[in-house]
Amino acid sequence: MKKCCFLSVALLIFQLHVNAQPDSRKVINIPGIPGYLTLKCDLHMHTVFSDGNVWPSVRVAEAWQEGLDVIAISDHIEYHPHADDIPVQFGRAYEIAKPHADDMGLLLIKAAEITRQMPPGHFNCLFLEDVAALDQEDFWASIGAAVDQGAYIFWNHPGWRQKDEIPIWFSEHDSLYDLGWMHGMEIVNGGSYYPLAYQWCIEKGITIIGNSDVHNPTGFEYLTGGEETRSLTLVFAREKNIESVREALLAGRTAVWRGDELYGKPACLKAIFDQSVRVISQPVKLKGKGFSYIQVINESDIVFKLKMGEGLKGFGYAPEIVLYPGRIGTMPLQNLTDGKEGQADISIPYTVTNLFTGPEENLSVTLDMQVNFIPED
Ligand SMILES: [Zn+2]
Ligand SMILES: [Zn+2]
């Protein structure tokens, strides 16, 4: 009986260690578009089944630890430098990672990266059934095999290996776009950001995507124990399931997060800002032409760097403020006009210099508050 008990405990411990599993998960707090979930997604990464240096289930453990909701393991179709030790098995990384992803409540998308010289370059294909079908000599046969499976396709790192990382749009990309086979584009890949790709996405209605494209353990490239978040795509999905992710990607409901910067459509970034930031301790009391400190809370995990906008006359206020994640910032506000009395609603205009609604455009916001003017004694 005792032996049996010992054996079952030993078995349990063994099972617990089959999958590497960190003991805590970061909680990333980013509000989104009302009515939608904000899913933190990394849709491009590699394992030992292509040129990565990580076992597939470790990708799940890392993503869970870092607070992600969705990942796609996208090993190269054409490039297998570990093939002498790990036989080429298309889709095997997904099979290994899937049970652990299911256990941990992480969505895992079956994917692959078609890897060709530029042009046309590299393309990620998501929601595949049969990865091996993409193993074709001809690029068009390969991407056609993905299309036949209803794959979601995006152009990876368009500026990679181009001069100054500035992407070039070749005739092959016209063909892909005209066929409706370029659903998305990475405007961010790891630490790289491609403003011209962002411009193309806006002009052509292509969904913006940002990913880590990580090959090593993520801790080698990001400070994952602390503040830093890997480059990722925020997907605004109706529900947390694979079909909702696909629907949101096709509908273009994404934003991209890289370091301190967010990229996305004005309505989407504004929804994030407006639900993260508000003035507390209202009404703000202003006595005569004196000043008072207003307190501004940022309840999200995104830093907001504000620069004075135009439009509000008769007040003095900070030309620049930084609203740090999970903190309350203060800012002096001064009344510059004589004889004011009673209550008024005011909106202080700012632009958020780290939120990009286009390559050259920053999000415009207002800090709204109620002010109580008290006459001078
Ligand atoms: Zn690539
Ligand atoms: Zn890659």
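The values are calculated or read from the model by the stated rules, or taken from the named source; none is laboratory data. Remember, predicted model here, so these are calculated numbers, not experimental data. Note that we place each Cβ from the backbone using ideal geometry, even for glycine, and neighbour counts take in every protein chain shown. When the accessible area is computed, the model is the full protein with side chains, heavy atoms only, and any ligands, DNA or RNA have been set aside. Shrake-Rupley method; radii C 1.70, N 1.55, O 1.52, S 1.80 Å.
Considering each of 357, 366 in turn, give the residue that is within 29 Å of the chain's Cα centre (by Cα) and buried (at least 16 other Cβ atoms within 10 Å of the Cβ). Please lay out each step first, then the result.
Numbers: 366 fails: buried (at least 16 other Cβ atoms within 10 Å of the Cβ).
Criteria check complete, one pass: 357.
Scan segment 228-239 and tell me whether some residue there is out of contact with any Ser or Thr (no Cβ under 9 Å at 6 or more places or on another chain) and under 22 Å from residue 36 (Cβ atoms).
Yes, segment 228-239 contains at least one residue that is out of contact with any Ser or Thr (no Cβ under 9 Å at 6 or more places or on another chain) and under 22 Å from residue 36 (Cβ atoms).
Scan segment 67-106 for residues that are touching a helix residue (DSSP H, G or I) at 6+ places or on another chain (Cβ under 7 Å) and farther than 20 Å from residue 123 by Cβ and jot them down.
Matches in segment 67-106: 96, 97, 100, 101, 104, 106.
Do you know which of the residues in segment 119-138 that are open to solvent by 60 Å² or more (accessible area, probe 1.4 Å) and touching a residue at least 12 places away in the same chain (Cβ under 8 Å) is nearest to ligand 1 (Cβ to nearest atom)?
135
Taking the residues in segment 132-159 that are within 12 Å of ligand 2 (Cβ to nearest atom) and in a loop (DSSP other than H, G, I, E, B) as candidates, determine which candidate is farthest from residue 189 (Cα to Cα).
Checked segment 132-159; the qualifying residue farthest from residue 189 (Cα to Cα) is 156.
Going by the conditions given, is residue 289 modelled with pLDDT under 95, in a loop (DSSP other than H, G, I, E, B), in contact with a strand residue (DSSP E or B) (Cβ under 7 Å, 6 or more places away or on another chain) and not small (Gly, Ala, Ser)?
For residue 289, the condition - modelled with pLDDT under 95, in a loop (DSSP other than H, G, I, E, B), in contact with a strand residue (DSSP E or B) (Cβ under 7 Å, 6 or more places away or on another chain) and not small (Gly, Ala, Ser) - is met.
Mind counting the residues in segment 292-312 that are open to solvent by 20 Å² or more (accessible area, probe 1.4 Å) and in a strand (DSSP E or B)?
Here is the first cut: in segment 292-312, the residues open to solvent by 20 Å² or more (accessible area, probe 1.4 Å) are 292-293, 295, 297, 299, 301, 305, 307-308, 310-312.
Checking the rest, the ones that are also in a strand (DSSP E or B) come to 292-293, 295, 297, 305, 307-308.
So the count comes out to 7.
Determine the pairs where a residue that is assigned by TED's automatic domain parsing to the domain that holds residue 222 and within 11 Å of residue 96 (Cβ to Cβ), located within segment 50-67, has a partner that is β-branched (Val, Ile, Thr) and in a helix (DSSP H, G or I) with Cβ atoms under 7 Å apart, the partner being 6 or more residues away or on another chain.
56/96; 57/96
For residues that are buried (at least 22 other Cβ atoms within 10 Å of the Cβ) and among the acidic types (Asp, Glu), tally how many sit in segment 53-89.
Residues in segment 53-89 being buried (at least 22 other Cβ atoms within 10 Å of the Cβ) and among the acidic types (Asp, Glu): 4 in total.
Let me confirm something: among 143, 166, 153, 187, which residue is modelled with pLDDT of 95 or more, open to solvent by 10 Å² or more (accessible area, probe 1.4 Å) and among the β-branched types (Val, Ile, Thr)?
166
Quick check: is even one residue across segment 188-196 within 16 Å of ligand 2 (Cβ to nearest atom), out of contact with any Leu (no Cβ under 9 Å at 6 or more places or on another chain) and within 15 Å of residue 72 (Cβ to Cβ)?
Yes, there is a match, as at least one residue in segment 188-196 is within 16 Å of ligand 2 (Cβ to nearest atom), out of contact with any Leu (no Cβ under 9 Å at 6 or more places or on another chain) and within 15 Å of residue 72 (Cβ to Cβ).
Limited to segment 109-143, what total is found for residues that are within 22 Å of the chain's Cα centre (by Cα) and within 14 Å of residue 175 (Cβ to Cβ)?
So the answer is 1.
So residue 171 clears everything in (1) open to solvent by less than 10 Å² (accessible area, probe 1.4 Å); (2) away from ligand 1 (no atom under 16 Å from the Cβ) except one condition, right? Which one?
Of (1) open to solvent by less than 10 Å² (accessible area, probe 1.4 Å); (2) away from ligand 1 (no atom under 16 Å from the Cβ), only one is false for residue 171: (1).
Can you name the residue in segment 34-51 that is open to solvent by less than 10 Å² (accessible area, probe 1.4 Å) and either away from ligand 1 (no atom under 16 Å from the Cβ) or part of a strand (DSSP E or B) (or both) and is also farthest from residue 244 (Cα to Cα) among such residues?
45
Look at residue 212 and say whether it is in the same structural domain as residue 44 (by TED's automatic domain parsing) and out of contact with any Asp or Glu (no Cβ under 6 Å at 6 or more places or on another chain).
For residue 212, the condition - in the same structural domain as residue 44 (by TED's automatic domain parsing) and out of contact with any Asp or Glu (no Cβ under 6 Å at 6 or more places or on another chain) - is not met.
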